[in-house]
Amino acid sequence: KVNGYTRKRQALVFTTAVESVDYAVVVQLAKGRCQICKKPFGRGKIEVDHIMPLAKGGTHTYDNVQATHALCNRKKGAKVLDASQA
């Protein structure tokens, strides 16, 4: 399991911008919908995804994270999706 500390450490290794991200706030901003598939969360597991993956130089900042279904996040992997792929 990757936690917030590990993500922050990964971002520092890639020398990207890092800010303290409250995952509860990210989920609240999603207004009950997965930011990849746009379907309601329901009872499934919710994860916080980096829109531009840390491995590709993305930042660990509010403007680069989104709440997603765990399965949607797994399918996305370390890719950058455009609007037509969501």
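Laboratory data are not the source of any read-out in this text; all were calculated from the coordinates shown. The structure presented is a predicted model; accordingly, all values stated were derived computationally and were not measured. A quick note on method: Cβ atoms are made from the backbone with ideal geometry, for glycine too, and the neighbour counts reach across all protein chains shown.
Counting charges near PHE41 (Lys, Arg +1; Asp, Glu -1) among other residues having Cβ under 14 Å from its Cβ returns a value of +4.
When each of the peptides 37-43, 53-59, 65-71 is scored by the mean number of other C-beta atoms lying within 10 Å of its residues, the order from highest to lowest reads 65-71, 53-59, 37-43.
Near ALA24: Cβ cut-off under 14 Å, other residues only, Lys/Arg at +1 and Asp/Glu at -1. The net charge is -1.
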